[in-house]
Amino acid sequence: MTPLVLRLLVLVAIGGGAWIAAGWWQRRRGAIRLPLAAGVTLVTGPGCALCGPVERALRRAGVQPRVTEVGSLDLPGPPIRSLPVALVVDGSGRVLLRRSGRAALDDVASIAQRAATL
Amino acid sequence: MTAASARVDVNVPRFNQAMVAAAVGVAFALHWWPLVAVTAGVLALTRFAGPGWGLFTQAYLRLVRPRRRRPIETEEAGPPRFAQLLGVVFLSAASALFAIGWSVAGWTLALIVFSLALLAATTRICVGCIFYERVIDR
């Protein structure tokens, strides 16, 4: 076996090893989900075109959202069908207001108003 | 996560990571460490002089992005910039080790960057970004 082939095999082994390790790590991470924190949480995920606009709109409205990936959140209630999801959560972890997708952008004012009452 | 300041097209860091993985992979396959040093230089220029000086960034912006039809998705610039800084540090250290003749240690550092860059480019799992979000930007 030539040194070039050996080096290519080492690269494949390292790349494959990184994939396997990452897959194992992600499965472990999936089991440890974060509880909802008090305040406004913005649930985002890959390919979410409205996430940036909603986050900016919330900040303009004076709300500092906690931005969380959809896979790392322990979310009660109905399953998420469209991202982003804006949640107003009280101190006991109860969801007071939930808006998904375009509604999150349209209802920024009511989200900010609800968050101000916490 | 703190306030979002600068944002970046998510594909810019991914493209950079793919190019870094390819360059370091080719350097290792050909056993030609100067390519590692060149990659460190390109990354350092991008990180410290700005994206306008980034070879990989400009290649993406001028050659790849005009051909993409999907809307541009953005992310916070802080985490990928930190990951890029880690890449600069590791590849510069690897180059220094090669220069003094410690090739095994040099290749070890370079291959760590290869594996993490490959992982980030293909799965969007950016270990440097995760480290930044969990440890530095708490």
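How many partner chain Cβ atoms sit within 10 Å of a residue's Cβ in peptide B:114-126, on average, as a whole number?
Partner-chain Cβ atoms within 10 Å, mean over residues of B:114-126: 4.
Rounded to the nearest 20 debye, what is the charge dipole size of the range B:25-138 about its Cα centre when +1 sits on each Lys and Arg Cβ and -1 on each Asp and Glu Cβ?
The calculation lands at about 460 debye.
If I build a Gaussian network model for chain A, linking alpha-carbon pairs within less than 10 angstrom, which residue out of A:V70, A:V88, A:V12 has the largest mean-square fluctuation?
Judging by the Gaussian network model, the answer is A:V12.
What list of whole percents do you get for P(r) of chain B, with Cα-Cα distances grouped in 5 Å bins up to the one holding the largest distance?
For chain B, the pair-distance distribution reads 2, 11, 20, 23, 20, 13, 7, 3, 1, 0.
What are the ³J(HN,Hα) couplings of the range B:87-103, residue after residue, when phi is run through the Karplus curve with 6.51, -1.76, 1.60 and θ = phi - 60°? Round to Hz, x for glycine and proline.
Per-residue couplings from phi come out as x, 4, 4, 5, 6, 5, 4, 4, 4, 4, 5, 4, 5, 9, x, 8, 5 Hz.
Please give the net charge around B:E75, taking every other residue with its beta carbon less than 9 angstrom from that of B:E75, where Lys and Arg add +1 and Asp and Glu add -1.
-2
How would you rank B:16-26, B:41-51, highest first, on the average number of other Cβ atoms within 10 Å across their residues?
Highest to lowest by the protection proxy: B:16-26, B:41-51.
For B:R62, project a label point 7 Å along Cα to C-beta. Then give me every residue of the range B:40-54 with its amide nitrogen under 13 Å of that point.
B:52-54, by backbone N distance to the label point.
Could you list A:E69, B:E133 so that the one with the fewest beta carbons within 10 Å of its beta carbon is first and the one with the most is last?
Arranged by neighbour count, lowest to highest, A:E69, B:E133 become A:E69, B:E133.
Please report the orientation-averaged projected area of the range B:17-58, defined via the convex hull of its C-alpha atoms, in nm².
2.6 nm²
What are the semi-axes of the equivalent ellipsoid for the range B:34-100, taken as the square roots of 5 times the Cα gyration tensor eigenvalues, largest first, in whole Å?
The three semi-axes for the range B:34-100 are 27, 14, 9 Å.
Averaging over all projection directions, find the projected area of the Cα convex hull of chain A and quote it in nm² with one decimal place.
9.6 nm²
What Kirkwood radius, in Å to one decimal, follows from the Cα pairs of the protein assembly as shown?
Result for the protein assembly as shown stands at 20.1 Å.
Report the FRET efficiency, 1/(1 + (r/R0)^6), for A:A109 and B:I72, where r is their Cβ-Cβ distance and R0 is 22 Å, rounded to 0.05.
So the FRET efficiency works out to roughly 0.25.
For B:T74, enumerate residues with amide H under 5 Å from its amide H, sequence gap 5+ or separate chain, H modeled in the peptide plane.
The answer is B:V10.
Can you list the HN-Hα couplings for the range B:122-132, worked out from phi with the Karplus curve (6.51, -1.76, 1.60; θ = phi - 60°), rounded to whole Hz and with x for Gly and Pro?
9, 10, 6, 8, 9, 5, x, 5, 5, 4, 4
Only bridges with both residues in chain A count here: give the DSSP antiparallel percent, nearest 5.
About 65 percent, rounded to the nearest 5.
How much mean residue ellipticity at 222 nm does chain B get from its helices, if each DSSP H run of length 4 or more adds -39500 (n - 2.57) and you divide by all residues, to the nearest 500 deg cm²/dmol?
Taken over chain B, the calculation gives -21000 deg cm²/dmol.
For the protein assembly as shown, what is the percent of antiparallel DSSP beta bridges, rounded to the nearest 5?
Here the antiparallel bridges make up roughly 70 percent for the protein assembly as shown.
If you take each beta carbon of peptide A:15-23 and count the beta carbons of other chains within 10 angstrom, what is the mean?
That works out to 5 on average.
Please give the net charge around A:S82, taking every other residue with its beta carbon less than 11 angstrom from that of A:S82, where Lys and Arg add +1 and Asp and Glu add -1.
+3
Provide the net charge surrounding B:G87, with neighbours chosen by a C-beta distance below 13 Å and charges set as Lys +1, Arg +1, Asp -1, Glu -1.
Here the charged neighbours net out to +2.
So what is the calculated 222 nm ellipticity per residue for chain A, using -39500 (n - 2.57) for each DSSP H run with n of 4 or more, over all residues, to the nearest 500 deg cm²/dmol?
That calculation yields -14500 deg cm²/dmol at 222 nm.
Quick note: the coordinates plus some simple rules give every number you see, no bench work behind them. Source: prediction; values computed, not measured. Here Cβ is always computed from backbone atoms with ideal geometry, including for glycine, and neighbour counts include all displayed protein chains.
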